[in-house]
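Engineer: First, the structure itself, so that you have it in front of you.
What follows is calculated from the coordinates using simple rules that are stated; it is not laboratory data. Since we're looking at a predicted model, the values are computed, not measured. Please note: Cβ atoms are built from the backbone with ideal geometry, for glycine as well, and neighbour counts cover all protein chains shown.
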Amino acid sequence: MISYQTDGVKMPDIKKKETTAWIKEVAAGYGKRTGEIAYIFCSDDKILEVNQQYLKHDYYTDIITFDYCEGDRISGDLFISLDTVRTNAEQFRQPYNRELHRVIIHGILHLCGINDKGPGEREIMEAAENKALALLAL
């Protein structure tokens, strides 16, 4: 089950049914099934708090993914800062809705095993994000 929750912010205007189907389609493309996935949309203040408390990082970010995957079933808690998504959309001159969906799928791609911290990994992640976004009519 994929759930969408908020912590201190208004729920973003996403089509939950279509977004859920898209997430499942993308995961299936990597041979994965979706288990319990919780999206928690929050503010910069909340994501900083989560980053400091659980990861010992003292900076803002757009998404933090907690991975609870088992075998081919992906599960996790995904915290998304809507403040940072908005800032990034402006910085990269992208529509807010496209940037939000990029971040939504970014977490799923992490759960599917794609990383973005090592040499060459960022380009692989961006290609995977773009491929996934092409499946979604925004």
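Engineer: So how do SER3, SER75, SER81 line up by other beta-carbon neighbours within 10 Å, fewest first?
Structural biologist: SER3, SER75, SER81
Engineer: Helix-derived [θ] at 222 nm for the chain: sum -39500 (n - 2.57) over DSSP H runs of at least 4, divide by residue count, nearest 500?
Structural biologist: Counting only the DSSP helices, I get -15000 deg cm²/dmol.
Engineer: Another one. Counting only pairs 8 or more residues apart or on different chains, how many lysine pairs in the stretch 2-134 have their Cα atoms under 25 Å apart?
Structural biologist: Here the count comes out as 21.
Engineer: Still on this structure: Under a 10 Å cutoff between Cα atoms, tell me which one of ASP67, ASP13, ASP116 has the largest fluctuation in the Gaussian network model of the chain.
Structural biologist: Fluctuation is largest for ASP13.
Engineer: Can you bin the chain into rounded, prolate or oblate? Criterion: square roots of the alpha carbon gyration tensor eigenvalues sorted a ≥ b ≥ c, rounded for a/c under 1.5, prolate for a/b above b/c, oblate for the rest. Walk me through the numbers before you get to the answer.
Structural biologist: Working: a/c = 1.24, a/b = 1.17, b/c = 1.06.
Rounded, because the longest to shortest axis ratio a/c is under 1.5.
Engineer: Select from the stretch 46-138 those trypsin sites (Lys or Arg not before Pro) which occupy a DSSP coil region and have at most 13 other Cβ atoms within 10 Å, ordered by residue number. All intermediate terms of the calculation are to be shown ahead of the outcome.
Structural biologist: On the way: sites: LYS46, LYS56, ARG73, ARG86, ARG93, ARG98, ARG102, LYS117, ARG122, LYS131; in loops: LYS56, ARG93, LYS117.
Sparse-neighbourhood loop trypsin sites (Lys or Arg not before Pro): LYS56, ARG93, LYS117.
Engineer: Select from LEU109, LEU78, LEU48 the residue whose mean-square fluctuation is largest in a Gaussian network model of the chain (Cα-Cα springs shorter than 10 Å).
Structural biologist: Largest GNM mean-square fluctuation: LEU48.
Engineer: For CYS69, CYS112, CYS42, what's the fewest-to-most ordering of other Cβ within 10 Å of each Cβ? Walk me through the intermediate numbers first.
Structural biologist: Details: CYS69 15, CYS112 19, CYS42 23.
Starting with the residue having the fewest Cβ neighbours, the order is CYS69, CYS112, CYS42.
Engineer: Restricting to DSSP loop positions (anything but H, G, I, E, B) with no more than 16 other Cβ atoms inside 10 Å of their own Cβ, which chymotrypsin sites (Phe, Trp or Tyr not before Pro) remain in the stretch 1-56?
Structural biologist: Passing both the DSSP loop test and the Cβ count: TYR30.
Engineer: Another question about this same structure. Using the basic label-point model (7 angstrom from Cα toward the beta carbon), what is the LEU55 to ASP7 distance in nanometres?
Structural biologist: 1.3
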